[in-house]
Amino acid sequence: MEELTNVVDWSRAQFALTAIYHWLFVPLTLGLGIIIAVMETIYYRTKSEKWLATTKFWMTIFGVNFAIGVATGIILEFEFGTNWSNYSWFVGDIFGAPLAVEGILAFFMESTFIAVMFFGWKKVSPKFHLASTWLTAIGASLSALWILVANAWMQYPTGCEFNPATMRNEMTSFAAVALSPMAVSKFFHTVLSAWTLGGAFVCGVCGWMLLKKRNYDHCQRSLKVGAWVGLIGIVLTSATGDSSAVAVAKYQPMKLAAMEGLYKGDHEQSIVAFGILNPSKQAFDGQDPYLFNVSIPYGLSFLATHDYKAFVPGIEDIINGVSYDNEGNKINTISYSERMERGRRLQEMMAQYDQANRSCNKVATDSLKAAINADFKNFGYAYLDKPEEAIPNVPLTFYTFHFMVTVGGYLMLFMLLALFFVYRPNVLNKAKWARWWHILAIITVPLTYLCSASGWIVAEVGRQPWTIQDLMPNKVAISDLSAGYVQTTFWIFAVVFTALLIADIGIICKQISKKSQTDLETVND
Amino acid sequence: MTTYNLLQNYWWLIMSVLGALLVFLLMVQGGQSMLIHYTKPDKRALLINSMGRKWELTYTTLVTFGGAFFASFPLFYSTSFGGAYWLWMLILFSFVIQAISYEYRSKPGNIYGSRFYDTLLLINGIVGPVLLGVAVATMFFGAEFTVTKSNILNVQAATISQWGPRHGLEAIACWKCLLFGVMVFFLARTLASLYFINNIDDDEVNRSQHKLLLVNATAFVVLFLATVAVILTSPGVGYDDSGNAQWVPLKYLNNYLTMWWALIILLLGVVMVLLGIGKTLLKADYRGGIWPAGIGTVLVVLTLFWVVGYNNTAYLPSLLDVQSSLTLRNSSSSEFTLTVMSVVSILVPFVVAYIAYCWYKMDHKKLTSDELDNTDHKY
Ligand code: HEM
C-alpha cells in the first residue's frame, strides 16, 4: 500500500509538473496568435511597412514560444497511456475521441498554416498569407477546445454509460460530451483568459521598451492592439468565470466549498473577499475556518446560483448529505458514507454480472446492467477508506481562487489604464508619472501568468481525489509501475523542461533587446 | 461480419494509413541523422532549413497517430504505453528535444549554442526511428504482459494491464525488434537523401547525397530482406470467432497468402521503392525519386499493418498469457464511438487536400542558399 501511494503521488507530481510547464506557453500562443492576426490585418489594409515590422516582431516571439509549447505538449497526451493506463481503458472510449479529433482537425491546421505564416511571405499572395495567420490562431483555439472538452468531461462525466462486460464507460452521446455546460464555460474562460495574458504580455514588453525610452512608435502600435485584446479578454474572462462558478456549484459542490473554505453552508451565503484560513482547521472539529475574513453578504449564493437566497452547502453538509431548497425544506441528498456503501454494492453486482455473463444468463446480465447504471454515479466511492478522503486541499484551492479573482479585478483596471495611454500618446511618452505605468506593466506580466496557473490549480486541485469526478479516484487510475521509475522520469522532465525554459526566456529577452537597439524610432525628449 | 467488426476493421485501416504516413515522414529524422556528415555551416544550414519546414508534419502525424489509437483501440494505449514505459518515454523525450531545436538553434540568446541543438536533432534522428521501429516490432513478435479487466474491482491492486518488470527495455534488447528498428532507421535515411535531392538546389549537397544514398539504400535493402524473412517465418497469434486465441506457426506468411491482395500491394510497394532509389542513382539529373519511393514505403507499411491486425490476428501477442493478446475485437472502442469517429474521418481527405495545396505552393521553388540569405525566418 505504501508503494502504491508513492506511485500515485509521483504520477500526480509528474502530471502536474508537465501540465504546469505546458500551460506556461499555451496561453501566450492563444493570446499572441489573435494579436498578430489583428496586426497583420491592419498591415494588409494599410500596407504600412511599420505595421509589417511590428507584426513580424511579435511573430518571432510567437514562434519561439510555440515551439516550446509543442515540445511540452506531446508528453501530456501520451502520459494518459504511460502513467494513467487504468484510466485510459476505463474511459478511453469517451476521452480518446476528443484527443483524436484534436489531432485530425486542429493540430494539422495549426502546423500547416504556421509554416505558411513563417516561410510564405514571398511564396503566397498577401491574402493567402493573412488567411494562414488567422488559421494558425484558429487552429490553436480549436486544439484548446478539444482538450478542454476532454478535461471538462473528467470534471463532469456525461453522455456515457457503464458496460460491465468490458469494464469501462462507453459513450452514448457525443453532443452531450462536446457541449456539456462544463465544457462550454471551460473553453470560453480558458481561451479568453489567454487573450488577457497575451494582452498583458504585449503591455509588459512595451512597458520595458518605453522605460528604456525606445521604440516609441512600435509600442504605440503594439499597445493599440494588445490593450484592446487584453481589455476584451478580461471583461469576457470575468463574465465566463462567473458561469464557470455556476457550473462548479452545480456539478462539483465540494470544489466550490473548498474554493471558499466553507465548512458549514447557509442560505443567503456570503462570499469571502479577503481572508486568512485557520491552518489547523479540520472537517467536523467545530473550529472557525478563518482567522480573519472580510465577506460580501449574499455573495456566494449569488455567484453560485444567481439567486441571493439560495442555500450553498459547505464541506460538512456535503459529506453529511444535507441540502435545503429556498423554502428551507431538506432536499434528499445522500451522505458520503452512504455513497461508499452503494459503491461497494455496485462492485458486488459487477462481480455477479461477470458470473452471469460467463454462464450466458442474459436475463440476469440485463437486469444487473440496468441496476449498475442506475446507481453508477457512486461507483468511485467504493475505493475511499473514509468520507474525509474526498475533501480536496482546502487552503491551496482557497488561496489560488482568491488570488485569481483579485488579480482579475486588478487586470480590468490595468487594461483600462493601458487604453487611456494608447489614446493619449503624449502622456504615455512624456509624463513623468507614466513611468509608473511602465513599471506596473512589467510587473503585471508575471502576475498574469501566476493568475492563469492559479486558475488551473483551482480546477484541478479542487477536484481531488477524483481523476473522474465520483467515478474514479486517482489511486485507481494509475499504471502498474514502480514509484522509482516514475520518480526518475519526473526528474528528467524537471531538468529538461527547466533547461528549455531558460533557453526560451533567453531568446525572448534577446529578441526584445535587439529590437530596442535596432529600432531607430527612439523617443524625442 | 457485423457492423461493429466492419468499423473495427475500418479503424485499423485508418491506423495503418497514419502509421504508414508516419514511417514515410520519418525522413525528417533520417535527415537529422545525416548532420554528422556535414561540417560546413552553409551546407548544414541548407539541410536543416529544408527539414525544418517539414518537421512539424512528422510530429503532428505522430501525435495524431497516438490520439487516434487512443480513441479507436484504447486497450493498446493503456497496455503498451503504460507497460513498455521506458521504450515510449525514450521515444517521447527524443521528440521533445526535437521540437525546440529548429526554432532555437540559430537564435541569439539561446544559452547553449547551436551545436547543442544540432546534437539534440541528431539524437532524435537516431533514437526516434530506431525506437519507433522497435515499438512497432513488438506488434509482430509479442510482449510480456497480461490483461485482466476485472482487476478494476480489486481495491488493493486495480491495474488491469500488467507488464514484465523491465517495462519496455526488454523490447530494446530483443534482436528481432532491434533489427526492425535499425531497418526503419536506414529507410528514413534513404528517404531523406531522396528528399534532399528533390528539395535542395545545391550541387555539392546533391553530389554528397547521391553518395550517401548508395550506402544507406544498400544497408536498407539488406536489412529489409532480413526483417521480412524473420517476420514471415515467425509465429503469430490467431483467434477464432469466440475470441479464443492461440499461437499459429507462420501466421504472417499465411496472412499474406490468404490476403493475396496485400501481397500484391507489398510487391508493388517494394518495386516502387527500388525504382525511386535506382533511377536516382543511375540518372544524375533525376530528382523525383522521393515520390515513387515515398508511395512505395507507404504501400509496404500498410500491408505490414494489415497482416498484423487482419485475418483474425492478434496485433499485440502476449508472451505471458496468449488469451491476453490484443486483437481488433477485444481492444477497440465501442460501436458508438467508432461510428462517431468515422463521421469525423470523412474530413480527413479535406485535411490532406489543404496540406497538399499549401506545400505545393511553398515547395514550388527549390531551396537555395540565396533564399536563406534573404529570409527573416531562418533556422
Ligand atoms: C475575474 C474573475 C474570475 C472568476 C470569477 C473566475 C472563476 C473561475 C472558476 C470558478 C474556475 C474553476 C472552473 C472549474 O473548476 O471548472 C476558474 C478556472 C480558471 N481560471 Fe478563472 N476566474 C476569474 C479570472 C481569471 C483570470 C483573470 C484568469 C487568467 C488570466 C483566469 C484563468 C483561469 C484558468 C486558466 C482556469 C482553469 C481552466 C478552467 O477550469 O476554466 N481566471 N476560474
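Readers should treat all values here as calculations from the given coordinates under stated rules, not as data from a laboratory. Because the structure is predicted, anything quoted here is derived from the model rather than measured. Cβ coordinates were reconstructed from backbone atoms using ideal geometry, including for glycine residues, and neighbour counts include every protein chain displayed.
I need the shape label for segment A:107-260. Rule: rounded when a/c is under 1.5, else prolate if a/b > b/c, else oblate, with a, b, c from the alpha carbon gyration tensor.
Note, shape of segment A:107-260 comes out oblate.
For B:Asn5 and B:Val215, the difference between the fully extended length at 0.36 nm per residue and the C-alpha to C-alpha distance is 71.2 nm. Is the shape of segment A:83-193 best called rounded, prolate or oblate, per the rule: a/c under 1.5 gives rounded, else a/b larger than b/c gives prolate, else oblate, with a ≥ b ≥ c the square roots of the Cα gyration tensor eigenvalues? Cα axes put segment A:83-193 in the prolate bin. With neighbours defined as other Cβ atoms within 10 Å of a residue's Cβ, the residues B:Cys174, A:Cys160, A:Cys509, A:Cys203 order from fewest to most as A:Cys509, B:Cys174, A:Cys160, A:Cys203. Annotation: amide H of A:Tyr298 within the under-5 Å range of A:Ser270, A:Ile271, sequence separation 5 or more or interchain, hydrogens built in the peptide plane.
Dividing the convex hull volume of the alpha-carbon atoms in the protein assembly as shown by its residue count gives 159 Å³ per residue.
Projecting the Cα atoms of A:Ser359, A:Val184, A:Ala258 onto the dipole axis of chain A, where Lys and Arg carry +1 and Asp and Glu carry -1 at the beta carbon, places A:Val184 farthest toward the positive end. Build a GNM of chain B with springs between Cα atoms under 10 Å apart, and of B:His37, B:His210, B:His364 the one that fluctuates most is B:His364. Site-free segments of chain A were taken between chymotrypsin sites (Phe, Trp or Tyr not before Pro) in DSSP loops having at most 14 other Cβ atoms within 10 Å, sites themselves excluded; the longest one is A:1-283.
In the distance distribution for segment A:17-134, Cα-Cα pairs more than 22 Å apart total 44 percent. Placing +1 on the Cβ of every Lys and Arg and -1 on the Cβ of every Asp and Glu, with no other charges, gives the protein assembly as shown a dipole of roughly 2920 debye about its Cα centre.
Using the Cβ-Cβ distance between B:Leu13 and A:Val427 with R0 set to 60 Å, the FRET efficiency works out to roughly 0.40. Residue by residue, segment A:436-441 carries 3J(HN,Hα) couplings of 5, 5, 4, 5, 4, 4 Hz when phi is fed to the Karplus relation 6.51 cos²θ - 1.76 cosθ + 1.60 (θ = phi - 60°); x denotes Gly or Pro. For segment A:63-76, the Karplus equation 6.51 cos²θ - 1.76 cosθ + 1.60, evaluated at θ = phi - 60°, returns couplings of x, 5, 5, 4, 4, 6, x, 5, 4, 7, x, 4, 5, 5 Hz by residue, with Gly and Pro reported as x. Scanning the protein assembly as shown for cysteines with no neighbouring cysteine C-beta under 4.7 angstrom from their C-beta gives A:Cys160, A:Cys203, A:Cys360, A:Cys451, A:Cys509, B:Cys358. Here's the list of lysines a cross-link from A:Lys212 could span, going by alpha-carbon distance under 30 Å and ignoring same-chain residues fewer than 8 apart: A:Lys47, A:Lys50, A:Lys56, A:Lys224, A:Lys430, A:Lys432, A:Lys510, A:Lys514, A:Lys515, B:Lys107, B:Lys378. Note on A:Arg435 and A:Phe274: with the Förster distance fixed at 45 Å, the Cβ-Cβ geometry gives a FRET efficiency of about 0.95.
Magnitude of the Cβ-charge dipole of segment B:97-206, K/R +1 and D/E -1, about the Cα centre, nearest 20 debye?
520 debye
With label points built 7 Å along Cα→Cβ from the Cα atoms of B:Ala173 and A:Glu327, find their separation and express it in nm. My value for the distance between the label points is 7.3 nm. If you wrap the tightest convex hull around every Cα atom of segment A:336-387 and split its volume per residue, you get 55 Å³. Farthest toward the positive end of the dipole of the protein assembly as shown, out of A:Ala283, A:Gly321, B:Ser318, is the Cα of B:Ser318, where the dipole comes from beta carbon charges about the Cα centre. Between B:Val155, B:Val248, B:Val184, the Gaussian network model of chain B with springs among Cα atoms under 10 angstrom shows the greatest mean-square fluctuation at B:Val155. According to the square roots a ≥ b ≥ c of the eigenvalues of the Cα gyration tensor, what is the shape class of segment B:235-290, taking rounded for a/c under 1.5, prolate for a/b larger than b/c otherwise, and oblate for the remainder? Since a/c reaches 1.5 and a/b is larger than b/c, the shape of segment B:235-290 is classed as prolate. Candidate cross-link partners of B:Lys149 among the lysines, defined by an alpha-carbon separation under 29 Å and a same-chain spacing of 8 or more, comprise A:Lys362, A:Lys369, A:Lys377, A:Lys386, A:Lys475, B:Lys251. In this simple spin-label approximation, A:Leu396 and A:Leu450 carry label points 7 Å from Cα along the Cα→Cβ vector, and these lie 1.8 nm apart.
Taken along its principal axes, the alpha carbon cloud of segment B:3-361 reaches lengths of 62, 48, 41 Å, longest axis first. Computed over chain B with a Gaussian network model linking Cα atoms closer than 10 Å, the most mobile of B:Gly236, B:Gly113, B:Gly52 is B:Gly113.
State the Cα centre-to-centre distance between segment B:171-210 and segment A:99-140 in whole Å. Taking the Cα centre of segment A:99-140 as reference, the centre of segment B:171-210 is 29 Å away. Apply the Debye scattering formula to segment B:1-77, with a single equal point scatterer on each alpha-carbon and no solvent, then give log10 I(q)/I(0) at q = 0.16 Å⁻¹. Values, matching the q order: -0.67. Each distinct pair of alpha carbons in segment A:256-332 adds a 1/r term; the inverse of their mean, the Kirkwood radius, is 12.7 Å. Size of segment A:261-418 from its Cα atoms: along the principal axes, largest to smallest, the extents are 72, 41, 34 Å. Computed 3J(HN,Hα) for segment A:140-149, one whole-Hz value per residue from the Karplus formula 6.51 cos²θ - 1.76 cosθ + 1.60 where θ = phi - 60°, is 5, 5, 5, 5, 4, 4, 6, 6, 6, 4, glycine and proline marked x.
Using the Cβ-Cβ distance between B:Asn206 and B:Asp363 with R0 set to 22 Å, the FRET efficiency works out to roughly 0.85.
Along the charge dipole of the protein assembly as shown, Cβ charges K/R +1 and D/E -1, which of A:Thr333, B:Pro108, A:Ser143 sits furthest on the positive end? Going by the Cα projections, it comes out as B:Pro108. Under the convention that each Lys and Arg Cβ holds +1 and each Asp and Glu Cβ holds -1, the size of the dipole of segment A:336-387 around its Cα centre is about 60 debye. Diffusion coefficient of chain A by Stokes-Einstein, Kirkwood radius over Cα pairs, 37 °C, 0.692 mPa s: 131 µm²/s.
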